[in-house]
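Laboratory data are not the source of any read-out in this text; all were calculated from the coordinates shown. It should be emphasised that the depicted structure is a prediction, and the values quoted were computed from it without experimental measurement. So basically every Cβ, Gly included, is an ideal-geometry build from the backbone, and we count neighbours across all protein chains shown.
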Amino acid sequence: MRTMRIAVAGATGNIGARTVAALEQAGHEVVRISRSLGVDLITGDGLDAALTGVEAVIDATSYTAADRDDAVAYFGTTTRNLLAAEERAGVRHHVLLSIVGVDRIEGNAHYAGKREQERLVTEGPVPWTIVPATQFHDFAATVTSWTEQDGVAAISPLLVQPIAPADVADILAEIATGAPQGRHRDVAGPEPQDLVDMARRTNDARGHVVKLVPTWALLGPEMAGDVLLPGEGARIAPTTFDEWLAKQ
């Protein structure tokens, strides 16, 4: 396998940092794109220099927004800037990490932003692969951290099929070194889980004491049932939630 120069946007984040590690372990030269490293996707500052000689870009950026317009504006601006700089640099493959079921959920601000991101990538100038992944193994604990107050946290009773962050990173690294595929099949972990149970077990494993209150306050009933589960023929990653939990 030949070595490539690959850029990772969101390189200091949960998935981005792991993707950088996976690429470097495989011997590739990695350009880390992050505001903290002097490359700003909102303004475009530093992008052209960062993408010099880059063959593929992985976009693993994340953004937390409660407001739909805010999320759409953020993902729209960063994606336009990134794609324009890629076109100028002659980048041959744009890999976008997205979410399984992003088209099935209307009310969520983050999903609206991701839909705008997908639209720009599919209509954009750079050959692309979109990788829809399910929620990560650490998602349940993240959700409770958003709502926790005085030792109590609200969490929605969602059915998810979570995937290990390290498995997502490995898949993104693998895809970036190949040819653009368009929309990749759904990527998920080995088994469905109840989000409330996941949160309880993660907090127990980490020694974090919090009372969980199942409620639809934050993530609404439009996410109930099998909406978040992967479709037919999904690519199943190896790491179970139990295996991930054992390392917490």
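Couple of notes before you dig in:
- In segment 146-208, trypsin sites (Lys or Arg not before Pro) in a DSSP loop with at most 15 other beta-carbon atoms within 10 Å: ARG185, ARG206
- Considering all different alpha carbon pairs of segment 168-248, the Kirkwood hydrodynamic radius works out to 15.4 Å.
- Segment 170-238 and segment 40-72: distance between their alpha carbon centers, rounded to Å: 23
- Sequence of MET4, MET198 once ranked by neighbouring C-beta atoms within 10 Å, starting from the fewest: MET4, MET198
- Antiparallel content of DSSP bridges confined to the chain, in %, to 5: 10
- Label sites at GLN25 and GLN181, each approximated as a point 7 angstrom past Cα along Cα to Cβ, lie 1.9 nm apart.
- Cα gyration tensor shape of segment 9-67, rounded if a/c is under 1.5, else prolate or oblate by comparing a/b with b/c: oblate
- The length gained on full extension between VAL152 and MET1, counted as 0.36 nm times the residue separation minus their Cα-Cα distance, comes to 49.3 nm.
- Rg(Cα) / (2.2 N^0.38 Å) computed for segment 5-246, rounded to two decimals: 1.00
- Tilt relative to the chain, helix 109-123 - C-alpha long axis, 0 to 90 degrees, to 10: 30
- In the chain, helices alone account for a calculated mean residue ellipticity at 222 nm of -11000 deg cm²/dmol, with every DSSP H run of four or more residues adding -39,500 (n - 2.57).
- Highest mean first, the peptides 20-30, 135-145 sorted by other C-beta atoms within 10 Å per residue fall in the order 135-145, 20-30.
- Our estimate of slack between THR12 and LEU37, defined as 0.36 nm per intervening residue step minus the Cα-Cα distance, is 8.1 nm.
- Using a Gaussian network model of the chain in which every pair of alpha carbons under 10 angstrom is joined by a spring, one finds that among ASP69, ASP59, ASP150 the greatest mean-square fluctuation is at ASP150.
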